[in-house]
1. Go through the stretch 112-148 and count every residue that is within 20 Å of P76 (Cβ to Cβ) and among the β-branched types (V, I, T).
2. Of all the residues that make up the stretch 122-138, how many are under 21 Å from the mean Cα position of the chain (by Cα) and closer than 22 Å to L71 by Cα?
3. Are there any helices (runs of 4 or more DSSP H) wholly within the stretch 97-173 with 2 or more residues that are hydroxyl-bearing (S, T, Y), and if so which?
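The values are calculated or read from the model by the stated rules, or taken from the named source; none is laboratory data. Keep in mind that what you see is a predicted model, and the values were worked out from it rather than measured. All Cβ positions, even for glycine, are placed from backbone atoms using ideal geometry, and neighbour counts span all protein chains on display. Just the protein is used for accessible areas: all its heavy atoms, side chains included, with ligands, DNA and RNA removed. Shrake-Rupley method; radii C 1.70, N 1.55, O 1.52, S 1.80 Å.
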Amino acid sequence: MATHQGTGATAGTGADAGADAGAGADPGANPGADPDAVARTSAALAAGAVYFAAVFAAGFVLGVLRTLFLLPLVGPLWAVLVELPVILGIAWRVCARVLRHRPLARAAAVGMGAVAFSLLMLGEAGVSLLLAGRSLDQHLALYAQLPHQLGLVGQLVFAAFPWIQARRRPPGSASAS
């Protein structure tokens, strides 16, 4: 996997990637075709998808348990307050494991979090529409309620975990195998 890890603490994305890829290259070449940039982007996409899938599966199970057992006992707010630290703890561990097996530079870790968050929001909407029978408007209206707002905050924290964990590693450690 050394080909996707880059050489520095940041992945060359955005305007930087185009400038770097174009330096010394064929003037007619596509600056977005830099093999290192493509590999870093692919690695971030793959890591984000793996991170999402593992946490979504755990969250689905916890959500069912919360809905069936905890919600009737303590109500929606307390049920979310109990579940949230559990799923965030799971997400932290999953993120650490994904980054250990797929080391990413800090900027690519931001991409990993963005991919995972995007997939999570799509997955949440899909479950709401398909399993709960809500319309998209009904699903979005849920975010006006405090328990769902807390859930959204948790989802944003989930999205930030890859960046936080990448910052905790020494610079250049994304280059190590």
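1. Here the count works out to 1.
2. 6
3. Working: elements: 106-130, 136-141, 146-168.
Those helices (runs of 4 or more DSSP H) span 106-130.
To keep it simple, each residue is scored yes or no on (1) open to solvent by 50 Å² or more (accessible area, probe 1.4 Å); (2) within 24 Å of I164 (Cα to Cα); (3) at pLDDT 95 or above; (4) not polar (S, T, N, Q).
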{"position": "A57", "(1), (2), (3), (4)": "yes, yes, yes, yes"}
{"position": "L68", "(1), (2), (3), (4)": "yes, no, yes, yes"}
{"position": "V115", "(1), (2), (3), (4)": "no, yes, yes, yes"}
{"position": "S118", "(1), (2), (3), (4)": "yes, yes, yes, no"}
{"position": "G123", "(1), (2), (3), (4)": "no, yes, yes, yes"}
{"position": "G133", "(1), (2), (3), (4)": "yes, no, yes, yes"}
